[in-house]
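Report on one structure; see the data block that follows.
What follows is calculated from the coordinates using simple rules that are stated; it is not laboratory data. Remember, it's a predicted structure, so these values are computed and weren't measured experimentally. Here Cβ is always computed from backbone atoms with ideal geometry, including for glycine, and neighbour counts include all displayed protein chains.
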Amino acid sequence: MSLEESLSKIKGSYDAVISLGDLCLGSIQLKKSSLRNFSGVLDWMASPFLRDVNRLLKNKFIGFFDEANLRIIGYAADDIICVADDGYNLVSNHDFMTEDGNTLTHLGSYKEVMDKYDRRIQRTLEKFASADRILFVRTEGSYEDAWELQNILSEIVANDFRVLMINHTDVKEMTDSFWGLEKICAVELPEADKWNANDQLWSELLKEVTLTDKNSADLESNPGMETESE
């Protein structure tokens, strides 16, 4: 199968395009292509291990950032506390602002942060149940974990879905991974300066992907400036 044939797996219109991590890169690129029509659970999280994301999805987000599993790491920036969920190996770098009463010993805005994520979880689960077609985008993951992801999504997503899986390696150009998974398009992109140098390749990946409701796309411009609707 050629690269063009692999990319044809994901072309078309979707009711939702959802990032599954591993960093903010996927969400940033979806925003650049005007393919974000709501804020997802993992948009601004670090989720380095796909196997843990698989477990989170299989559990339908039960236990996500439970207080008993939290660990305060330190400062993500001068005004942001970095917090880990050791239950699912997730890290928040954008949620716990110092101005909201968060310190290295106390998370004063925990309830408000979780209220926000509860809304996102419910919205995501509603999409799983009602959307005619969903595209999931994940950066970094093995064949085995991608195979498991496909099986889990087949169980929890009511209708059609596709997965765009991107691994960053030492390739010089976009390369087909030749994984042969029915609902997954897996490619490799250059790892060097992946945050800034691959915009054109992402545009090529997503050029034939559209949202069914373009008017609702691109709701948020800044992860730290969110509205109730998100």
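Before moving on, here are some points about what is shown:
- Inter-centroid distance (Cα atoms) of the stretch 122-163 relative to the stretch 1-64, Å: 8
- Cβ crowding within 10 Å averaged over residues, with 172-178, 108-114 ranked highest first: 108-114, 172-178
- In this structure, the pairs whose alpha-carbon distance is over 18 Å, taken from LYS32/LYS127; LYS9/LYS183; LYS11/LYS194; LYS60/LYS111, are LYS32/LYS127; LYS11/LYS194; LYS60/LYS111.
- Look at where the Cα atoms of the stretch 66-81 and of the stretch 175-194 average out, and the two centres are 33 Å apart.
- Backbone N under 15 Å from the GLU182 label point (7 Å along Cα→Cβ), restricted to the stretch 136-175: 147-163
- Checking (1) 29, 19, 18; (2) 85, 20, 11; (3) 40, 18, 14 against semi-axes √(5λ) of the Cα gyration tensor in Å calculated from these atoms, the matching label is (1).
- A full extension of the chain between LYS32 and TYR143 corresponds to an added length of 37.2 nm, given 0.36 nm per residue minus the alpha carbon distance.
- Length gained on full extension, ILE156 to ALA197, computed as 0.36 nm times the residue gap minus the Cα-Cα distance: 11.3 nm.
- Between the amide H of THR210 and those of GLY12, SER13, TYR14, distances stay under 5 Å, these residues lying 5 or more places away or on another chain, with hydrogens modeled in the peptide plane.
- DSSP beta bridges in the chain [antiparallel fraction, %, rounded to 5]: 45
- Around the amide H of ILE73, modelled in the peptide plane, lie the amide H atoms of CYS82, VAL83, ALA84, all under 5 Å away and 5 or more residues distant in sequence or on another chain.
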